[in-house]
Each structure stands twice: as structure tokens, then as C-alpha cells.
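See structure below.
The values are calculated or read from the model by the stated rules, or taken from the named source; none is laboratory data. What you see is a predicted model; the values in this text were computed from it and never measured. Positions of Cβ are backbone-derived with ideal geometry, glycine not excepted, and every protein chain shown enters the neighbour counts.
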Amino acid sequence: SSHEHKLNFRKSKEECLSYIQDALLQQQWKRAAEFLTCYVESLEKDYSRELIGPSEMIWRIGTEILWHHSQSSMKEFNCFMEQMKTLGVKRYLKVCLEHVFHLLCNGQIDEAYQNLSLAESWRFGEQTAIQDKEMKLIEAYRGLLDYYSWSKQKNILLEHSEDGFSDLAVEQEMHSYFRKAAVNLKEIIKIPGVWDVFVKCYVDLLEFYGDHNEARQVLNEYAYNSKFPANPNAHVYLYQFLKRQGESKKSLISALKILHDIVPSHELMIDFNTMLQKSKKRKKRRLGLEVIFAALDYAGWKENAKAWSCLARQVKQIVISEKHLDWIKQEWNSRKDWWPAFHFSRYLAKRNWQENKSLSYEKALVAGILLGKDCKYFKYVSHRGCKTQLKRFRMLKKFVNRHNPVYLRISG
Amino acid sequence: RDFNERCAQCSEVNWGLTDGGRFYCRSCHNVTERTREVVNTDFITNSRVQTISKGLRKQEKNDGGCEWYICEGFQLVLKKQAEALEALGVCPQMKDEILCNFWRCYLQKSKQAYCKRPAGETVKALSVCESSTDVDSDPERPSLLHLLSLSESEGDLQTDCSFASSVTKVSESTSVYSGSVDGSLYLMKNQKEKLRMTMPMTLSFCYMALLWLREPITLSELLRFVVEGHIPYLNVFQHFPEKMKLCGLDLRIFCVESWPVYEEVFNKMHELAAFLELPRFPDITDSCFLHPDMLCMKYLMEANLPDELHNWTCRVVKKIGIGEVDFLTLMPGNKSTRKVKYDVLAAAVIVVVLKLLFLLDDHYEWLLSEFAEERNKNNTEGGPYFEFKKWYEVVKQSLDVEQKKLDEERAKYLWRCEKPLFYSVKNKSKVLKRRQMVVNLQNQFGKLSGSVRRAEKPNPSSFQLNWSERNTDGSCFHGHSLKGVLQEKCGLLTAMNPDYWLCTVKLCNEKLCGHLAHYREVEFPQSYHFVLGLFAFLLRIQPSYIHDEVCMVEHKLFNKKLYKKLKYNTVLRK
């Protein structure tokens with residue numbers, strides 16, 4: 001029809017949807033409900049050509065409204081979810097899963113568990129195979145809740161053993177939860193994906209029962225298998241595990257290396273740098289310098305005294321040894337244009353001095369070496385520092401003055 | 001329809017019709033009492049059109065339904081609409097005489113009733129199709145695909161449930177049929193010459209009857225009443241008696257999923273009038289509601305404009321001759337005269353008058369307004385001078401509020417009704433389940449809506465915007481004076497504004513592109529757009545529609561000057 005302005009069913013519902021959208025964005029739940037009431041009759045039309053049909057719309061929008069609306073109860077919410085489950089068999093497991101999430105958010109662990117068990121037993125012809133992924137997730141979450149129960153039992157057991165009891169029943173229950181959890185958690189982490197919470201729990205279980213080999217294998221897979229999406233946390237977990245196991249520095253360093261590549265601003269970079277600095281290998285020490293400089297490129301680290309102290313220590317050590325000044329020069333090359341304004345402005349000197357003397361001390365050392373004794377930052381801090389008669393500041397001043405030629409060499 | 005009973009005398013089935021319209025057995029010449037009845041002319045009491053002998057009608061089918069024809073359905077619809085109009089104050093003559101006569105005439109002319117069935121034409125209901133191959137093999141039967149792809153004025157139902165877009169569904173054994181006897185036949189034929197009946201056309205019928213009686217309802221008002229629910233249109237089939245089962249293809253005919261558009265109903269009405277070979281309609285004189293002078297007065301009031309403008313609209317009307325009886329009265333079939341859209345025309349005249357007095361070029365009207373404001377400060381006696389700025393602010397505010405309400409209404413329309421619709425018995429249970437779910441959800445979220453659901457339709461009113469002179473805040477401009485924009489010249493009051501800009505120098509050929517002009521908001525001043533928008537809101541039509549009419553009025557008004565200019569141009573070229 002040439003009459004584009006003609007109001008028909010489809011257009012009317014499109015407009016309705018945009019009103020709902022506005023209301024949702026402004027958190028006007030009553031208004032959203034008002035328009036949704038008018039929208040629901042879309043269910044009686046077929047939208048098989050659309051990407052997202054009315055049944056999915058209604059599910060999603062209805063969930064939001066019922067979750068936030070002040071007059072809506074959990075009972076109503078659950079009733080609505082049950083209806084939504086019947087609406088689209090292709091979405092059945094997804095709806096179940098989201099329902100479970102909401103129950104968990106509301107602290108209804110038992111109901112969530114029941115729903116998960118129910119969903120696990122669902123079968124519907126070829127749909128069961130098609131929705132295989134969702135099924136795996138459901139099993140995984142049930143495994144997670146089993147872990148949670150295991151954890152509770154474990155705590156009870158520990159309490160009792162402290163008090164001197166030994167509780168066989170609790171122990172047995174604990175083991176049974178372990179078995180149930182382990183089975184499902186193991187399954188899901190085989191599939192490439194981001195499964196931080198599952199991995200953590202599974203490893204926790206394995207460690208408790210002493211199966212460190214399995215744990216190590218799981219974590220290695222999670223971190224290094226290229227099929228899995230790059231995930232900094234995987235490396236963090238591996239590192240933490242290795243640390244707990246008392247592994248060598250070499251393996252710890254290798255675990256953190258990739259983390260540095262992916263997330264140079266990660267908080268573990270301090271640990272990393274500390275390990276690297278102490279290494280006997282030159283390459284490692286070089287890497288350490290690179291790591292700490294890279295971390296301090298990020299605004300979140302500007303006021304991290306520990307990080308500055310790492311850098312200061314390493315810089316000082318290099319200067320004293322008079323070896324490897326070229327390292328500093330290399331690192332400084334790409335930073336000399338913007339670090340002065342970023343870290344060593346006069347304003348920052350004032351502020352750092354007022355707020356955190358240790359921070360200003362460390363920074364002043366670095367500034368003095370990199371920018372020379374005449375730089376704003378160093379001058380301000382050392383001047384103030386010496387005035388306050390703090391010994392270390394006098395030492396600092398002497399040190400920088402003595403090594404001023406270094407600055408000339410690295411800046412040239 | 002074929003008479004299939006066995007002859008009482010010879011047990012053959014071989015019937016013919018006597019001159020008197022009775023059936024006789026061709027084998028033994030036994031004449032029966034059964035007659036092929038002409039349509040029952042008692043319009044009011046018996047709303048069923050009976051084109052077959054009563055004895056044939058199978059009263060009871062399995063599901064308690066009976067046989068019915070599409071035109072019977074439409075007849076019911078028209079009846080309901082006429083009753084609604086009567087309730088709105090239209091004279092009963094409309095329902096009892098005019099409309100039913102028109103309808104009868106239509107049935108006769110389109111050979112659906114009141115005549116002998118043309119030879120060879122039998123009504124075959126499209127029965128259950130087993131598979132697509134069956135359908136294809138029958139050359140006489142239209143293929144399902146063809147039926148599905150017929151473009152309708154309401155093409156929406158194509159996308160509906162079992163009529164889904166994919167061809168694969170068609171090849172499954174969906175039983176495509178209709179509750180009515182001739183539903184499929186109705187859709188099948190190329191009825192262009194015979195003017196096939198549609199839902200929007202029912203409104204054309206109504207309008208035609210209203211026009212014949214010169215009732216004070218314009219087409220835009222009629223359509224507005226339809227949308228507001230005062231006249232049955234959407235879901236009118238729920239008033240069909242229980243026995244008339246509606247399913248399958250009937251839905252395509254009777255279930256509308258869009259509001260009819262002015263142009264559609266208007267054009268169809270004229271087609272209809274010509275088709276029915278109606279004579280010249282009763283005269284529209286200057287005492288009629290539909291006369292431009294009257295309608296202008298109404299719209300001026302509604303637009304909150306000074307009454308004094310009415311003098312000007314009358315002058316324009318007189319000057320271009322659109323107040324003449326012959327111009328205004330409808331002569332069906334006369335292709336040379338332009339069809340008059342009374343409401344749009346009146347609105348266009350007002351727009352032209354506003355342009356004459358205020359220029360509306362986004363500069364001059366504000367200047368004049370400032371000027372008037374100044375004078376108003378010292379004005380102690382008589383009515384205040386009309387200030388365009390003040391009027392604009394007041395009207396815009398109200399208009400925005402009303403427009404916003406209207407927009408929300410559009411988004412909140414409920415199209416479905418309680419009566420379930422299904423294409424086939426097969427998906428009946430599915431449909432009912434869905435309906436139940438919809439009702440549940442409506443209840444659930446309705447409770448959370450907070451506001452009281454508007455249970456009642458607003459009372460039908462002729463005026464959408466009301467301005468009361470009793471308001472002391474000065475928001476009513478009816479009594480304001482135009483002295484601020486007029487001057488006296490040679491004893492006549494003329495506009496101070498010496499200029500005028502034409503909406504278009506050349507009119508398009510309506511027959512080619514359907515419009516006289518093509519309106520694009522960005523090409524015209526904001527004030528002009530505002531004024532168009534105001535009347536577009538009041539008449540519930542697109543601004544471009546009014547713009548077309550404005551162009552037409554302007555060209556009539558400045559005809560001589562335009563003609564001279566054209567002539568001058570051609571002279572120059574020589």
C-alpha cells in the first residue's frame with residue numbers, strides 16, 4: 001500500500017514497543033506495564049519473519065518490569081516465568097536458566113536448585129539436542145549449587161572438628177555433594193568458554209581432596225588452550241595455585257608473563273616485578289623493568305606507592321651498578337614526552353607531598369634520575385623534605401646530585 | 001446454487017427453473033413448490049440475503065453453523081454502522097431508506113443478488129486441499145499460492161498464523177476454506193469491474209448516504225468516529241450471529257488490521273457512486289453544513305482564530321467560485337469536475353486566508369504580531385488586536401498536548417477482541433490457548449499499570465479543541481480584532497501585507513502522480529507547516545493532503561496573474 005502513514009497493527013505495535021523502551025530506560029515501571037498490557041496481543045500474530053518475535057519481547061520486557069516494579073511479588077514473578085516457559089519451546093531452557101538467576105539474586109537457593117533439577121530432566125524431541133548448550137549450563141549451575149552445599153557442609157565439619165566432634169553424617173553428605181558437583185563442573189569446563197566461577201570452585205574441590213595433578217591440568221588447560229578465549233583471570237588462577245603449591249619462581253614467572261602481555265596494568269605486576277628484579281638472569285631483570293614501567297603508564301597506578309618503590313629500587317640499583325643504563329634509556333625513550341606532565345608536574349609534587357610522603361619520596365627519586373636534579377618535582381619534594389629534616393630526603397638529595405650525569409646520559 | 005434433492009416423482013436430480021422462478025424436474029416436468037427467491041426486501045427485520053430457495057439452506061452443520069454469503073456479512077456490518085450513526089444523531093432515514101437502497105442497488109449491479117445468477121456461474125466453496133499437487137492439478141481452482149499472494153488493501157493478514165509467508169507451510173495440509181459459502185470465490189475473481197466489497201468500502205457507503213442526506217458529518221469526522229470506536233469497524237464481525245461461522249478466508253475479508261485512510265474511502269465512494277449510476281446528489285447550498293462558508297466557521301472556531309477571519313474566507317470562497325451549487329454538488333460519473341473534499345477544502349481556504357493576511361514566511365507574521373502587541377498596550381476600548389505570537393503559543397501548547405495523547409493512543413490500540421479467529425479447525429485450540437495467555441498477561445500487567453484503564457470511550461464530540469471566551473486568561477481569540485493587520489484603501493479593508501507566495505508555481509498532473517503538489521516540510525516556512533499541522537490534526541489527515549488543496553485554491557485565486565505570467569514568459573521566448 002502506498003499509504004505509509006496508515007496506521008496498522010504492525011506499526012501500532014512498533015510504536016508501542018518504543019514507548020515501552022522509553023519507559024524502561026527511565027525506570028518508569030508503571031508506564032512500561034501500561035504499554036506492555038497493550039502489546040501482549042501481538043502474541044496472536046505470527047512474526048516468524050522477525051528476528052525477535054513478540055514472545056521473546058514479552059518475556060524480556062515482562063521480566064524487567066516484574067523484577068523492578070514495587071508492587072510485584074516474587075510469587076507473581078515466578079508465575080510469569082512459568083507462563084513464559086510454555087510460550088516458546090525453543091527458548092525453554094534459556095528461560096529456565098534466567099529464572100534460576102533471578103531466584104539466586106533473590107536468595108532463593110533451594111527454589112533455584114529445584115528449578116535446575118526440573119530443567120535438567122526436560123526432554124523435547126529434537127529440541128533437546130538443539131538446546132544442548134543451555135542444558136550444559138543448567139547442569140553446570142546445578143553443579144555450582146552442589147559445590148555451595150558442599151562448602152557449607154565442609155564448614156560445619158571444620159567447626160565440629162574444632163570442637164572435637166567427628167560427624168560422620170555430615171562428612172558423608174559432604175562427599176556426596178562433592179561427587180555431584182565435580183561431575184558437572186568438570187563437564188562444562190571442557191567446552192571453550194569463560195568459566196571463571198566454575199573453574200575456581202572445581203579447583204577448590206580438587207585441592208581439598210588432594211588431587212593436585214588434576215587441578216594443575218585443569219588450570220593449564222584453562223589458561224593455555226588456544227581454543228579458549230583469552231582470559232586474564234585464567235592466568236591469575238594458575239599463578240595463585242602454583243604459589244599455593246610452592247612452585248619455583250621460574251614457573252611462577254612463566255605464569256605471570258602472559259598476564260603481563262594481556263593486562264599490563266594488572267595488580268599482580270608488583271609481585272611480578274619483585275620476582276623479576278631478584279632474578280639472577282639478566283633477561284628477567286630487564287623484563288622486570290619493562291613490567292614496572294608499563295604498569296605505571298596507567299592512571300590507576302599513579303598514586304601506588306608500592307609500585308613506585310619497586311621502580312625506584314630498581315632504578316637505584318641500576319644507577320649504582322652503572323651497568324645497564326641503556327635499559328633505563330630504552331624505557332624512558334617512549335615516555336619522556338608525556339611522563340613529566342603525567343607524573344612529575346609541580347601540582348602533583350605538591351599534592352603527593354601533602355598526601356603521602358612515602359609516595360613523594362619514591363617518585364622524587366625516579367624523577368631525579370630521569371629528569372635531573374633541576375626538575376620541578378625533585379626540587380619541590382627534596383626541598384620540602386630536607387626542610388622537615390627527614391633523613392632519607394637528605395640522602396635522596398645527595399644521591400641524585402651525585403648521579404646527575406646519569407640523567408644527562410639517558411636524556412641525550 | 002444447485003438443487004440436489006431428488007425429484008419426488010422420478011427420483012432424478014435434474015432441475016431447471018420456470019419463468020415464475022420455480023424449480024421443475026426436467027425429466028418428468030414435475031413442478032415443485034420451491035421457488036428461487038429473490039432477495040427478501042425487508043431490510044430491517046431479516047438481515048439475511050437469501051439468494052437460494054429456503055429449502056436448500058442447510059441450517060445446521062456439524063458445528064452449529066449455517067451457510068451464509070459474504071454479502072450477507074457486509075449487510076450486517078452496514079446495518080450496525082447505520083445504527084451507530086443514528087445513535088450519533090443522524091436521521092433514521094439514512095438507515096431505513098438511503099443506505100439500504102444504495103446497498104440493494106449495489107447488490108443488483110454487482111450481480112450478487114436481486115437478479116438471476118448468470119448462467120454457468122456456480123458457487124464452489126474451496127474445500128480441503130490435501131496437498132499442493134492436488135491444487136495445481138485443478139486448472140479451474142486457483143492455487144493456494146495465488147490466493148495468498150493476492151494483494152489486498154489490508155495485506156496484513158498474509159503474515160498471519162497458518163497463512164505464513166513461507167511456501168512450505170502451504171504445501172502442508174492446511175485446510176484453506178471459509179465459513180462462508182463464497183469466501184474463496186469472493187477473493188478469487190478479478191472484480192475490478194464489479195467493485196468488490198471490502199471493509200473500507202462500508203465506510204464509503206456510509207459517507208455516500210450521509211452526503212446524500214447532507215448530514216452535518218464530514219468524511220474526516222466520520223473516520224475519526226470510527227477510530228474512536230463510535231462506529232463499528234474493527235472487529236465488527238463479533239456482532240455476527242453465532243450461526244454465521246467465520247473462519248479461513250472470511251477473515252481476510254472481514255478482519256481489518258489497519259484504519260482506513262481518507263483518500264481510500266473518498267475515492268472508493270466516487271467509484272461507487274458512478275458504478276451505481278446514481279443521479280446528481282441533492283444540492284449543497286450555502287445553508288448546508290458542508291458548504292465552505294459553514295465549515296470555515298466551524299474550523300475557525302476550533303482553531304481558535306478570530307471570527308473576523310470568516311469575512312475573508314467567504315470572500316475567497318466567492319472569488320474562486322467554490323461556493324457555487326454546481327461546484328459543490330456531486331455528479332457521479334462526471335469525470336471532468338474535481339471531486340470536492342469539503343473538509344479539506346475549507347481548511348485550505350483558511351490556510352490561504354492566513355497567508356493572505358499574515359504571509360507566513362517566518363518573518364512578517366512575527367513583525368505584525370509585535371506591531372499588534374505595541375498597539376494593544378495602548379488599546380483600552382474594544383477588543384484586543386489579534387497577536388499571531390500569542391495565538392501560536394496558546395494553540396501550540398494545546399496541540400502538543402493533544403498530539404501527544406493521540407500518539408499514545410495509537411500505540412495503545414487493542415486490535416483483537418474476544419471472539420477468536422482461526423483459519424482452520426486445526427489451529428483452533430492453539431488460537432484459543434494463545435488468547436487465554438494474552439488475557440492472563442493483560443490482567444497481570446494491567447494491575448501493575450497504576451492508572452485506571454480507560455474503560456469507556458470518550459464521548460463523541462464534533463469539536464476536538466475547545467476555547468471558551470469565558471476564560472479570563474486570554475486564551476480564546478475568537479473575539480479578537482484583525483485591525484492590526486488590515487488597512488483601509490478606497491473604503492475597503494485590505495490586508496496590510498502586500499505580498500503572497502505561492503506554494504507551487506505549477507500544479508502536477510493529478511492523474512499521473514496522484515497529487516497536485518509534493519509537500520516537503522523543509523522547503524516551506526515553519527509557520528506554514530504549523531498551520532498545516534494544526535488542520536492535519538483536526539482532520540486526522542496528512543499535511544500534504546491539505547497542501548494539495550491549498551495549491552489548488554491558490555491557483556484558482558491567482559489564476560489570472562499566473563496566466564498572464566505564463567503568457568508573458570512565452571512571449572519573451574519568442
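Values for this structure:
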| item | result |
| --- | --- |
| Residues of the range B:380-423 satisfying the condition of being surrounded by fewer than 17 Cβ atoms within 10 Å (Cβ to Cβ), more than 22 Å from residue B:354 (Cβ to Cβ) and either touching a residue at least 12 places away in the same chain (Cβ under 8 Å) or of a type in the set (A, V, I, L, M) (or both) | B:382, B:401, B:406, B:414, B:417, B:418, B:419, B:420 |
| Of all residues making up the range A:171-211, the number that are part of a loop (DSSP other than H, G, I, E, B) and of a type in the set (Lys, Arg) | 1 |
| Every residue from the range B:422-447 that is at the interface with another protein chain (Cβ under 8 Å from one of its Cβ atoms) and among the hydrophobic types (A, V, I, L, M, F, W, C) | B:431, B:437, B:438, B:441, B:445 |
| Pairs, first on the phi > 0 side of the Ramachandran plot in the range B:525-553, second in a helix (DSSP H, G or I) and aromatic (Phe, Trp, Tyr), C-beta under 8 Å, six or more apart | B:540/B:262 |
| Residue among A:367, A:349, A:312 that alone is surrounded by 16 or more Cβ atoms within 10 Å (Cβ to Cβ) and within 23 Å of residue A:282 (Cα to Cα) | A:312 |
| Single unsatisfied condition, residue A:276 versus (1) buried (at least 19 other Cβ atoms within 10 Å of the Cβ); (2) within 24 Å of residue A:383 (Cα to Cα) | (2) |
| Search result, residues across the range B:200-224 that are in a helix (DSSP H, G or I) and among the acidic types (Asp, Glu) | B:221 |
| Test result for residue A:147, under 14 Å from residue A:182 (Cα atoms), buried (at least 18 other Cβ atoms within 10 Å of the Cβ) and among the aromatic types (Phe, Trp, Tyr) | yes |
| Selected residue [surrounded by fewer than 20 Cβ atoms within 10 Å (Cβ to Cβ) and free of Cβ contacts under 8 Å to residues at least 12 places away in the same chain] from B:500, B:563 | B:563 |
| Selection status of residue B:508, more than 23 Å from residue B:370 (Cβ to Cβ) and not hydroxyl-bearing (Ser, Thr, Tyr) | yes |
| Set B:534, B:507, B:512: member being within 21 Å of the chain's Cα centre (by Cα) and either modelled with pLDDT of 85 or more or hydrophobic (A, V, I, L, M, F, W, C) (or both) | B:534 |
| Of the criteria (1) touching a residue at least 60 places away in the same chain (Cβ under 8 Å); (2) over 30 Å from residue B:105 (Cβ atoms), which one residue B:338 fails | (2) |
| The range A:10-26, residues that are of a type in the set (A, V, I, L, M, F, W, C) and over 16 Å from residue A:55 (Cβ atoms) | A:23, A:24, A:25 |
| Verdict on residue B:280 being surrounded by fewer than 18 Cβ atoms within 10 Å (Cβ to Cβ), within 23 Å of residue B:551 (Cα to Cα) and more than 18 Å from the chain's Cα centre (by Cα) | no |
| Any hit, the range B:472-479, residues being buried (at least 21 other Cβ atoms within 10 Å of the Cβ) and assigned to a helix (DSSP H, G or I) | no |
| Top-ranked residue in the range A:53-86 [being among the aliphatic types (A, V, I, L, M) and under 21 Å from residue B:414 (Cα atoms); ranked as surrounded by the fewest Cβ atoms within 10 Å (Cβ to Cβ)] | A:57 |
| Hits in the range B:218-263 (condition: under 11 Å from the mean Cα position of the chain (by Cα) and within 14 Å of another protein chain (Cβ to nearest Cβ)) | B:223, B:224, B:226, B:227, B:233, B:259, B:260, B:261, B:262, B:263 |
| Qualifying residues in the range B:360-379 (those that are among the charged types (D, E, K, R) and in contact (Cβ under 8 Å) with a residue 24 or more places away in the chain) - the one surrounded by the most Cβ atoms within 10 Å (Cβ to Cβ) | B:365 |
